[in-house]
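Chemist: Before we start, here is the structure in question, set down as structure tokens.
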Amino acid sequence: MQHSRAEMQQLWEGWTTVSDQVYSNPKVTLLMNSRVGQYLSGRPVLALAVFFFCVTAAVPVGIFLAFAVATAIMSAVSLVFLEGFLLSVAAITLLCVLSGLAFFSVMMSAIFAAFYVTVSSLINFYHTSQMTKQKVSDEEDNEEEMLTKDKMK
């Protein structure tokens, strides 16, 4: 299959137009004026190898970056859920502890109130019985004194 000279000329002109558009880009001009650009410009086979490497490496690097970003997002979201779960567990634990302390306080208060009533009743009973004994003994002493006074008269 032979191409005609006109077709080849047309392809060459199309390629030249595309090449001029690429070289007119300021970023490409900056790259081509650098030492690396000049080095690769003198070695087209090496430039083609670097180009193929960059193109084929873009897909795995892109997949890796997507995986890294997705992992970071999932970590942040799961951390929020984990923190929420831990705060919920801590709040429930605190509620249980405070409820237990309230129950313990009420029970200890009831026990101390019963102890206070019991002790005060015992002291009152003891004091009353002592007072009664002292009164009886005082009355007996008074009667003896009265009898002794009566006898002396």
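Chemist: Looking for something among the aliphatic types (A, V, I, L, M) and over 58 Å from the mean Cα position of the chain (by Cα) - is there at least one such residue anywhere in segment 120-128? If you could, list the steps in order and put the result at the bottom.
Modeler: Step one: filter segment 120-128 for residues among the aliphatic types (A, V, I, L, M), giving 122-123.
With the extra rule that they be over 58 Å from the mean Cα position of the chain (by Cα), the set shrinks to none.
No.
Chemist: Does residue 82 satisfy the condition of being assigned to a helix (DSSP H, G or I), open to solvent by 100 Å² or more (accessible area, probe 1.4 Å) and aliphatic (A, V, I, L, M)?
Modeler: Spelling it out, it is not the case that residue 82 is assigned to a helix (DSSP H, G or I), open to solvent by 100 Å² or more (accessible area, probe 1.4 Å) and aliphatic (A, V, I, L, M).
Chemist: I'd like to verify a number: residues in segment 39-65 that are of a type in the set (Val, Ile, Thr), surrounded by fewer than 10 Cβ atoms within 10 Å (Cβ to Cβ) and closer than 18 Å to residue 28 by Cβ, how many?
Modeler: 1
The values are calculated or read from the model by the stated rules, or taken from the named source; none is laboratory data. Keep in mind the model is a prediction, meaning the values are calculated, not measured. Cβ atoms come from the backbone with ideal geometry, glycine included; neighbour counts cover every protein chain shown. Ligands, DNA and RNA are excluded from the accessible area calculation, which covers all protein heavy atoms including side chains. Shrake-Rupley method; radii C 1.70, N 1.55, O 1.52, S 1.80 Å.
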